[in-house]
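The values are calculated or read from the model by the stated rules, or taken from the named source; none is laboratory data. Keep in mind the model is a prediction, meaning the values are calculated, not measured. FYI the Cβ positions are ideal-geometry reconstructions off the backbone, even for glycines, and counts take in every protein chain you see.
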Amino acid sequence: MYETAVSDIQSGVSVSGNKITGTLKYLSTGSIVEDYGVGNFLALKFSNVDPEATSVKVGLEPSDEGLQELLGDSDMNAIGKITDKNTQKFRVETTDDSGRLTTQIFDLSGLEVLAE
């Protein structure tokens, strides 16, 4: 992602229920940093998207980037800058072809955020 191996961004990141855990490494160089500034980033790949979905928006709340449309991204990847793992949440909004919106919220407090 952003010409950076995911293993250089994080290690042991997993999703269980509504909780995301693992270790986020501190980045001070690279194209991610050029776009978002230094810090810790969470990268996720989506592989089990509802085939009936007409829109899947993902992102961190709160964040400067807001939610981003996932459909149409051939890699089905999402990345966000973690500014406070205790207050930020990872949000997924899925809309199906009937217009029904489903929202999932994931807790980030179990992430280990490494400093510089």
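Can you tell me which residue within the range 12-64, out of those that are touching an Asp or Glu at 6+ places or on another chain (Cβ under 9 Å) and of a type in the set (S, T, N, Q), is farthest from GLU93 (Cα to Cα)? The residue in question is SER28.
Every residue, every condition in (1) loosely packed, with under 12 Cβ neighbours inside 10 Å; (2) within 14 Å of the chain's Cα centre (by Cα); (3) among the polar types (S, T, N, Q), yes or no:
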site	(1), (2), (3)
ASN18	yes, yes, yes
PHE46	no, yes, no
ALA53	no, no, no
GLU65	no, yes, no
LEU70	no, yes, no
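Kindly indicate whether LEU44 is over 17 Å from ASP73 (Cα atoms), touching a residue at least 12 places away in the same chain (Cβ under 8 Å) and not hydroxyl-bearing (Ser, Thr, Tyr). No, not satisfied.
Applying the criterion of being assigned to a loop (DSSP other than H, G, I, E, B), of a type outside the set (Ser, Thr, Tyr) and within 16 Å of ASP75 (Cβ to Cβ) to the residues of the range 1-37, the residue that is modelled with the lowest pLDDT is MET1. Within the range 77-92, the residues that satisfy the criterion of being more than 11 Å from the chain's Cα centre (by Cα), surrounded by fewer than 18 Cβ atoms within 10 Å (Cβ to Cβ) and either within 14 Å of LEU44 (Cα to Cα) or touching a residue at least 12 places away in the same chain (Cβ under 8 Å) (or both) are THR83, ASN86, THR87.
Return the residue satisfying two criteria in turn: it lies in the range 93-116 and is part of a strand (DSSP E or B) and over 14 Å from the mean Cα position of the chain (by Cα), and of such residues it is surrounded by the most Cβ atoms within 10 Å (Cβ to Cβ). By that ranking, first place goes to THR94.
In the set VAL33, VAL38, only one residue is closer than 17 Å to GLU3 by Cβ, free of Cβ contacts under 8 Å to residues at least 12 places away in the same chain, surrounded by 12 or more Cβ atoms within 10 Å (Cβ to Cβ) and not acidic (Asp, Glu); that residue is VAL33.
Every residue, every condition in (1) acidic (Asp, Glu); (2) at pLDDT below 95; (3) under 19 Å from VAL15 (Cα atoms); (4) in contact with a Leu (Cβ under 8 Å, 6 or more places away or on another chain), yes or no:
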position: GLY66; (1), (2), (3), (4): no, yes, no, no
position: GLY72; (1), (2), (3), (4): no, yes, no, no
position: ILE79; (1), (2), (3), (4): no, yes, yes, yes
position: THR87; (1), (2), (3), (4): no, no, yes, no
position: GLU93; (1), (2), (3), (4): yes, no, yes, yes
position: LEU108; (1), (2), (3), (4): no, no, yes, yes
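Say whether the condition of being outside any loop (DSSP other than H, G, I, E, B) and of a type in the set (Lys, Arg) is met by at least one residue in the range 53-73. Within the range 53-73, one or more residues are outside any loop (DSSP other than H, G, I, E, B) and of a type in the set (Lys, Arg).
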